[in-house]
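Have a look at the structure below, then the notes.
The values are calculated or read from the model by the stated rules, or taken from the named source; none is laboratory data. Everything numeric in this text was worked out from a predicted model, so none of it was measured. Reconstructed Cβ throughout: ideal geometry from the backbone, glycine too, with neighbour counts over all protein chains shown.
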Amino acid sequence: MTNVHSITNSWDCFLISLVAKNGYHTAIASFTTRFWGGFMKSTKISLIALLMATSAVWAENSQDGHLYFYPHWSAYQYDDVVGISVDDDNGYGLGIGYRFNDRWSFEVEFNRIETMAGIYHVDTTVWHYNAKYNFVTDGRVKPFMLLGVGDTDNKFEFPTPYQAAATSANLGFGLDIGLTDNWSMRLDVRGMYLYDHDATDTMGTIGFVWSPRAAKSMPVDSDGDGVVDHADQCP
C-alpha cells in the first residue's frame, strides 16, 4: 500500500525544486501546466458527464427548470496558435442552456470563426461546456459568471492542411438584460486558457436569449406594506 506521507513529500520536493530552479511565478505556471493541464485532459469528459447527470437530477427536482437558446455573434482574439500568428476576427454561435433555478444554469455552446493566417484560410470551431451563475435574481439587468471547460479546433488550409486542437479552461462575466417575458439580450466576455498550446484566447459574444417558458411574475404589493395583494386584508 502506498504511503500517503511519501506522496506528500514527493510533491513538496517537486514544488521546492521548481521554486529553487525557476522562481516563484515560473514554478506556479509549471505546476499548473503539468498537474492541472493533465487533470483537465483526463477528466474533461467525466466532468461533462457529471454535469449532465447532475442536470437531469436537478431538472427532476426543480419546478423552475427550463431550456433556453442563445444565438449570438462573437468576436475572437487569438493568442499565437503553436507559434502561428492568426488574425482576430468575428464569428457566430449558438448556445443551449438549462436553467435549474434563479441562480444556476448549465450551457453547451458552439462557435465558428473564419479568419486568416497570412494568406491562408483558418477555420476555428469552439465548443464550451459552462456552468452559469447569476449574482442577482431580480431586476431587469442580471450580472453573471461563466466557468467551465471547452475544445478549440483550428484548421489551417496550408498547402499541407494542418490542424491544431486544444482543451481549454474558461472563465467569463456578462450581463442578461430582460426585454420581454421570453426574450433577453445578453453580452459576455471570457478568457480561455488552452493547455495544449500554452496560450490564452479571448472571446466576446452578444446576442439574444429566448426561452419557451416565460419568467415567473413577482407577487404584487400595491400599498408597499410588505404583504402581497392576494393575502392583504387591509383596505
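What to note about this one:
- Test: residue in segment 173-180 that is under 20 Å from I113 (Cα atoms) and modelled with pLDDT of 95 or more: no
- Exactly one residue out of N134, N111 is assigned by TED's automatic domain parsing to the domain that holds L171, in contact with a Pro (Cβ under 8 Å, 6 or more places away or on another chain) and polar (S, T, N, Q), and it is N134.
- Count of residues meeting criterion [more than 17 Å from H121 (Cβ to Cβ) and surrounded by fewer than 20 Cβ atoms within 10 Å (Cβ to Cβ)] in segment 143-164: 5
Okay, residues lined up against (1) under 14 Å from D176 (Cα atoms); (2) part of a strand (DSSP E or B):
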{"residue": "G91", "(1), (2)": "no, yes"}
{"residue": "E109", "(1), (2)": "no, yes"}
{"residue": "R112", "(1), (2)": "no, yes"}
{"residue": "T124", "(1), (2)": "no, yes"}
{"residue": "Y129", "(1), (2)": "no, yes"}
{"residue": "K132", "(1), (2)": "yes, yes"}
{"residue": "T137", "(1), (2)": "yes, no"}
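- Test result for R112, of a type outside the set (A, V, I, L, M, F, W, C) and under 30 Å from V136 (Cβ atoms): no
- Scanning segment 108-142 for residues that are more than 15 Å from G204 (Cα to Cα), free of Cβ contacts under 8 Å to residues at least 24 places away in the same chain and surrounded by 13 or more Cβ atoms within 10 Å (Cβ to Cβ) turns up just one, V108.
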